[in-house]
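Working notes, beginning with the structure itself.
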Amino acid sequence: MASSLSIENVSAGYGAVHVLSDVTLRAGDGETVVLLGTNGNGKSTLIKCVTGQVRPTTGRIVAEIDGQSHDLVGMATEDIVGLGIGIVPEGRRLFPKLTVEENLLLGAYRTGARAKIGPNLEFCFETFPRLRERRRQMAGSMSGGEQQMLALGRALMASPRILIIDEPSVGLAPILVTRVIDKIAELKAGLGLTVLMAEQNFQQAIRIADRGYVLVHGKIEFSATSVEDLSRSDVVRRLYLGI
Ligand SMILES: Nc1ncnc2c1ncn2[C@@H]1O[C@H](COP(=O)(O)OP(=O)(O)OP(=O)(O)O)[C@@H](O)[C@H]1O
Ligand SMILES: [Mg+2]
């Protein structure tokens, strides 16, 4: 069944700090949409609006999941996850003193996911064999790449239909960025997920994105209908390609 995410005219900030202005964005069923933007332009703030960590001052955020429409503004993060929206937050936010397996199990707290703990754990271990090998290791002692895999695995434990990922490439060596991005594409294809991914690494993001948006000073500066369209845009050429 179809799943999609629509952000409509969202403005948001932190107290007197105004960050997002009138942002409209959509990720349709089965699409991978990248949200580009350099440091401090509001990518994480927009992701946090979707995940219930920042409340927009205006606008609507609607998730369509299996034929049902949900207004996400005002909902708690755990309830948003409960709808089938997997979150891989900026900085991964693992529990460093808990084991790999314990971190994964914490991803399955939503009622619907509890029944599928066994198969979902097995799926995570098949997808990321390193996590199986290290299941008893403390998450905080895993390498950066392994921790990013763990954060993805934890999101999968909730059987998501929509995956929201904030900068998966941060702090990873180039080879690991390639691996993580490839995994996201593989998961999306295998599970039929709808993906919204904030990312600064343009070249890596466009390998798997269907299309994308560029956020500059909290506004959508460019909205592309394809990755070719993105590569050709003046704002991308200026910000990412040095042209
Ligand atoms: N909790 C907060 N309180 C006040 N201002 C904040 C807070 N979080 C973020 N900001 C400000 O909001 C603006 C946008 O930050 P945001 O984290 O959304 O950017 P970003 O595009 O994700 O950047 P990065 O690529 O560095 O992660 C920045 O100016 C930042 O300083
Ligand atoms: Mg950010």
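Just so you know, all these numbers are worked out from the coordinates, no wet-lab data involved. Quick caveat, the model's predicted, so the values are computed rather than measured. When we count neighbours, we look across all protein chains shown, and the Cβ atoms used for this are built from the backbone with ideal geometry, even at glycine.
DSSP beta bridges confined to the chain are antiparallel in about 60 percent of cases. In this structure, the pairs whose alpha-carbon distance is over 30 Å, taken from K116/K188; K43/K183; K43/K116, are K43/K116. The charge dipole of region 3-239, taken about its Cα centre with unit charges on the Cβ atoms of Lys, Arg (+1), Asp and Glu (-1) only, comes to about 600 debye. In nanometres, what is the gap between the two model label sites at T58 and T178, each 7 Å from Cα along Cα-to-Cβ? Simple spin-label model gives 4.6 nm for this pair.
Of the peptides 90-99, 155-164, the order by per-residue mean of other Cβ atoms within 10 Å, starting with the highest, comes out as 155-164, 90-99. Straightening the chain between T77 and S6 buys 23.9 nm, computed as 0.36 nm per residue apart minus the Cα-Cα spacing.
Kirkwood hydrodynamic radius of region 3-239, from the reciprocal of the average inverse Cα-Cα distance over all distinct pairs: 17.8 Å.
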